[in-house]
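Student: Before I ask anything, let me first share the structure, which is written out below as structure tokens.
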Amino acid sequence: MKLKQLITMAVVALTLFSVQAFETNDDIKNRIKPVGSVHVAGAASASAAADAGPRSGKDIYNGACAACHAAGVLGAPKTQDAGDWSPRLADKGRDGVWKSAIAGINAMPPMGACGNCSDDDILAAIDYMIEGVE
């Protein structure tokens with residue numbers, strides 16, 4: 001009788017293992033998918049930005065740049081402040097400032113705080129920040 005029980009347990013075990021082996025890819029994808037997602041306040045997703053169409057320099061500034069440039073955090077040049085921007089523009093020019101913003105400078109990370117901005121978006125934001133300074 002012990003032999004019959006061993007064979008029965010082996011058949012049951014093999015059946016269970018074979019059922020698991022035939023799970024579909026969808027079952028596996030559902031088991032390993034993320035539990036949630038992270039939302040960063042003020043940051044729109046890249047697809048949402050693309051769907052919304054082109055953004056103005058002011059829109060980009062308000063969404064990504066104002067947190068530092070409105071108050072001059074950690075030495076960031078204040079928006080439309082000639083005293084802050086004129087020396088930078090005299091030293092590097094508009095294109096140099098733009099390249100620094102893309103690469104990152106001092107405490108500012110590359111592309112500032114705009115994770116979904118293109119190089120042209122950064123230039124539009126800079127144009128907004130230096131409006132009336134030149």
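Since every read-out is calculated from the coordinates, none of them should be taken as a lab result. All values derive from a computational prediction rather than experimental measurement. As a convention, Cβ positions derive from the backbone with ideal geometry for all residues, glycine included, and neighbour counts pool all protein chains shown.
Student: Arrange the following residues from fewest to most other Cβ atoms within 10 Å of their Cβ: THR8, THR79.
Tutor: Least crowded to most crowded, the residues run THR8, THR79.
Student: Using the number of other C-beta atoms within 10 angstrom as an exposure proxy, rank TYR61, TYR128 with the fewest first.
Tutor: TYR128, TYR61
Student: Going highest first, how would you order 65-73, 114-122, 100-108 by mean Cβ packing within 10 Å?
Tutor: The peptides rank, most packed first, as 114-122, 65-73, 100-108.
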